[in-house]
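> Shown below is the structure under consideration.
The values are calculated or read from the model by the stated rules, or taken from the named source; none is laboratory data. As the structure is a computational prediction, the values presented were derived from the model and not from experiment. Because the Cβ atoms are built from the backbone with ideal geometry, glycine has one as well, and the counts that use them run over all protein chains shown.
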Amino acid sequence: MATTKSAPAGRIGIDWAGLGWMFLFFWYFSGVTQTLIALSGVAGLQGLRQASMASALWLIPLLLFPARTRLLAGVIGTILWLCSLSGFGYFLVYGQEFSQSVIFIMFESNVSEATEYLGHYFSWSIVFAAVAYGLGGWLLWRKVRPVYLPRQMTLAACLLLFGLSMGYEAVRQYIKRDDLQRAVDEFEENIEVASPWQLAVGYHQYRRQLGNMEGLLASQEQIPPLKNLVDAHAGQPSTLVLVIGESTNRQRLSLYGYSRPTTPNLDKLRGELQVFDNVVTPRPYTIEALQQVLTFADQEHPNLYLSTPSLVSVMKQAGYKTYWITNQQTMTKRNTMLTTFSKQADEQFYLNNNRDQNTTSQYDGDVLDPFAKVLADDAPRKFVVVHLLGTHMRYHYRYPEEFDHFTDRSGVPASVTDDQLPTYNSYDNAVLYNDYVVSSLIERFRATDPSGFLLYLADHGEAVFDAPDPKVLGRNEGAPTSPMYTVPFILWSSPKWQAQQQARDFTASLHRPYSSSHFIHTWADLAGLRFDEFDPSKSLVSAEFRERPLLIGNPQQPKSLIDFSLIKPKKPVDQDADLVQQEREAKDRTM
Ligand SMILES: [Zn+2]
């Protein structure tokens, strides 16, 4: 009898089961994660359908070179498995679908940041799951066998498979969209659910963004000046300081009522401070938040940062000499956006040139010397930005040993487990050190008897086993909890400045619900600047202030934006959520 290898041209016995195993093998590397996502209810079935279609592509080489089926399947399968691990692992840790913004953060982090991140979320159970997942692929690979088709049928099948996996979607988008770039974006978005396109598409999109950002500096120079700029303090000497913190949730500051004394120095200064207690960030990520805080962009107009002046530019136009002191890494690609803003300043102090963000020699106290130097500069009008590393993870790298103050259970909520306790305590210690840095900046500033003010706010918060979701650690826009958004916002103003202002009264402003996305209006108001772009209803300290929804979420998907008050505490009773929680707990144990 003739074997199936040489099926006669007339009657063809197609090995459907063989084709089925091939497809199942390739589908496995995208389908498993997509199935988990669909089952958990995080997203619908669309991703699963797209992943299934895109997986059909890999049958083509196997049909073209049937004699090499096992080798080709092995090589392609290994690549698909490796590329799919990030999405698989991300789902296990977060219970969320790997998104483009995660990929951005991945590419924009340097090696040390990535290692830090892995350390934060590493657990043996995830390694075990990844190996088991690979083992499943290997078992399927053993089932893959050559399928021989007659030559003409092979070509027809390959065309069909290509059309199904790529061609149809490409043509559809090309016809549907009026511009090619948009069609490419949509096409990429559709295939990116499948391994290995996730990473390839992410990288391509990231390179495009980077190009945009590099163009930003050039375009900032083209932006027309503010219209009808009037300065209430024109011609008078003044020094205005903006301190930008990092990953600090105000719930953990005793200044905001936290039971542990984490801000003893600011507590002492309380009488000289205006403490605003209802400010939230629009986004829980540094760049995404500061892109709005430092420009006229907000959640409803996310791209305005491209066409309107930044805060540095505003202050320069008002005649201030501008300084940028940062303890954040600036040479990483992730910080391109911030580097762009900083480069607009007249003078920069880039303190953190370490390759590794986690060193025991790069504390925020390093900003104090350059700050003193800037204060001593004889320019009459100065605008100083101080950008701190604050309480960014990993927390125990943020403070020197003498600030290792909170080490036991006292003042810790009962919900914090023994395994979580060291992390919980190290965050409080980081807040304690941050208190020292911020209060030292205020004291050094005060010592120069300036005319001006210092404003401190954090870029975003951080969840460190805080109520009302005591199991959550870190930040995730896809699964928001309130501690990720609530930030400290305090103002110290000098007696000289207050005298000039005829003792401005802030009592009406202190509890106003406010999004830091409108910060530039508050700053301009405080600085006594008026211009056509200024909107007093967006100023926290204006009599004309108007309450607005505190929009959070990704503004590139406007429908996904929600009001901060609509964040619901996560229900741990949900079975799938429980699974994720167990993973999280396993991860925490390894820290
Ligand atoms: Zn940040």
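> May I ask you to say which residue of Leu71, Leu85, Leu92 is part of a helix (DSSP H, G or I) and under 17 Å from Trp27 (Cβ atoms)?
Just one listed residue meets the conditions, Leu85.
> Inside region 441-467, can you point out the residues that are assigned to a loop (DSSP other than H, G, I, E, B) and within 16 Å of the ligand (Cβ to nearest atom)?
Passing the criteria: Asp459, His460, Gly461, Glu462.
> Restricting region 277-292 to residues that are in contact with an Asp or Glu (Cβ under 7 Å, 6 or more places away or on another chain), within 12 Å of the ligand (Cβ to nearest atom) and not in a loop (DSSP other than H, G, I, E, B), which is farthest from His460 (Cα to Cα)?
Among those residues, the one meeting the criterion is Leu290.
> Give Arg207, Arg270, Arg260 a once-over and let me know the one that is basic (Lys, Arg), away from the ligand (no atom under 16 Å from the Cβ) and buried (at least 17 other Cβ atoms within 10 Å of the Cβ).
Selected residue: Arg260, the only one of Arg207, Arg270, Arg260 that is basic (Lys, Arg), away from the ligand (no atom under 16 Å from the Cβ) and buried (at least 17 other Cβ atoms within 10 Å of the Cβ).
> Ok, one more. Just to be sure, is Phe489 touching a helix residue (DSSP H, G or I) at 6+ places or on another chain (Cβ under 9 Å), at pLDDT 95 or above, of a type in the set (Phe, Trp, Tyr) and surrounded by fewer than 21 Cβ atoms within 10 Å (Cβ to Cβ)?
Taking the combined requirement at face value, the residue does not satisfy it.
> Would you pick out the residues in region 204-239 that are of a type in the set (A, V, I, L, M) and in contact with a Lys or Arg (Cβ under 7 Å, 6 or more places away or on another chain)?
Leu210, Leu217, Val230, listed by residue number.
> Return yes or no: is Thr507 more than 16 Å from the ligand (Cβ to nearest atom), hydroxyl-bearing (Ser, Thr, Tyr) and part of a loop (DSSP other than H, G, I, E, B)?
Spelling it out, Thr507 is indeed more than 16 Å from the ligand (Cβ to nearest atom), hydroxyl-bearing (Ser, Thr, Tyr) and part of a loop (DSSP other than H, G, I, E, B).
> Give the residue that is nearest to the ligand (Cβ to nearest atom), with candidates limited to residues of region 376-422 that are part of a helix (DSSP H, G or I), surrounded by 17 or more Cβ atoms within 10 Å (Cβ to Cβ) and at pLDDT below 95.
Filtering region 376-422 for residues that are part of a helix (DSSP H, G or I), surrounded by 17 or more Cβ atoms within 10 Å (Cβ to Cβ) and at pLDDT below 95, the one nearest to the ligand (Cβ to nearest atom) comes out as Tyr395.
> In addition: Pick from Gly167, Gly211, Gly202: which is farther than 29 Å from Phe26 by Cα and either at pLDDT 85 or above or not charged (D, E, K, R) (or both)?
The conditions single out Gly211.
> Within region 233-251, how many residues turn out to be away from the ligand (no atom under 16 Å from the Cβ) and within 29 Å of Leu338 (Cα to Cα)?
8
> Condition check: aromatic (Phe, Trp, Tyr), farther than 22 Å from Ile490 by Cβ and within 16 Å of the ligand (Cβ to nearest atom). Does Tyr305 satisfy that?
Spelling it out, it is not the case that Tyr305 is aromatic (Phe, Trp, Tyr), farther than 22 Å from Ile490 by Cβ and within 16 Å of the ligand (Cβ to nearest atom).
> With respect to Ser254, determine if the residue is more than 14 Å from the ligand (Cβ to nearest atom), over 22 Å from the mean Cα position of the chain (by Cα), more than 26 Å from Leu368 (Cα to Cα) and not charged (D, E, K, R).
No; evaluated as a whole, the condition is false for this residue.
> Still on this structure: Could you list, in sequence order, all residues of region 516-537 that are closer than 13 Å to Thr295 by Cα and in contact (Cβ under 8 Å) with a residue 60 or more places away in the chain?
Scanning region 516-537 gives Ser516, Ser517, His518, Phe519, Ile520, Trp523, Ala524, Glu533.
> Could you tell me whether Glu477 is within 16 Å of the ligand (Cβ to nearest atom) and of a type outside the set (Lys, Arg)?
Considered against the rule, which asks whether it is within 16 Å of the ligand (Cβ to nearest atom) and of a type outside the set (Lys, Arg), Glu477 comes out as yes.
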